[in-house]
1. Take segment 29-53 and flag every residue that is farther than 30 Å from I17 by Cβ and either touching a residue at least 60 places away in the same chain (Cβ under 8 Å) or in a strand (DSSP E or B) (or both).
2. Is it the case that some residue within segment 55-75 is assigned to a strand (DSSP E or B) and modelled with pLDDT of 80 or more?
3. Please pick out the residue among R33, R28 that is closer than 19 Å to S66 by Cβ and surrounded by 10 or more Cβ atoms within 10 Å (Cβ to Cβ).
Amino acid sequence: MGQGEEVKTRPEPQVEIQERGQIFFFYRPKVEREEAKTADDVQRLYVVMRVESGEKAVEEKQDPHSGKEASKKKGESGTSFAEGGRGTQE
């Protein structure tokens, strides 16, 4: 064994992928805080797991008009994205 050679002491583990998908993390800062800089600043934490069906191989990117950064920008019609949708309820 020369210098810089890798020595394996354990065999490679057998890995089988059960599911593929995406994991999203959402948090809500504590009251009277705009952002959470540490874990102590977080009021609630949500973890959302979205499993891919395997039928769609094309990766979808996040809508550029979503999220905190987009809420600060104005839309093409002059309204703020932070105002929310104007959907109908059935």
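1. P29, V42, Q43, R44 - these are the residues of segment 29-53 that are farther than 30 Å from I17 by Cβ and either touching a residue at least 60 places away in the same chain (Cβ under 8 Å) or in a strand (DSSP E or B) (or both).
2. So in segment 55-75, the residues assigned to a strand (DSSP E or B) come out as 74.
Those still in the list that are modelled with pLDDT of 80 or more too: none.
No; the residues of segment 55-75 include none that is assigned to a strand (DSSP E or B) and modelled with pLDDT of 80 or more.
3. Details: R33 fails: closer than 19 Å to S66 by Cβ.
Exactly one residue qualifies, and that residue is R28.
The values are calculated or read from the model by the stated rules, or taken from the named source; none is laboratory data. Note that this is a predicted model, so its numbers are computed, not measured. Note that each Cβ is placed from the backbone with ideal geometry, even for glycine, and that neighbours are counted across all protein chains shown.
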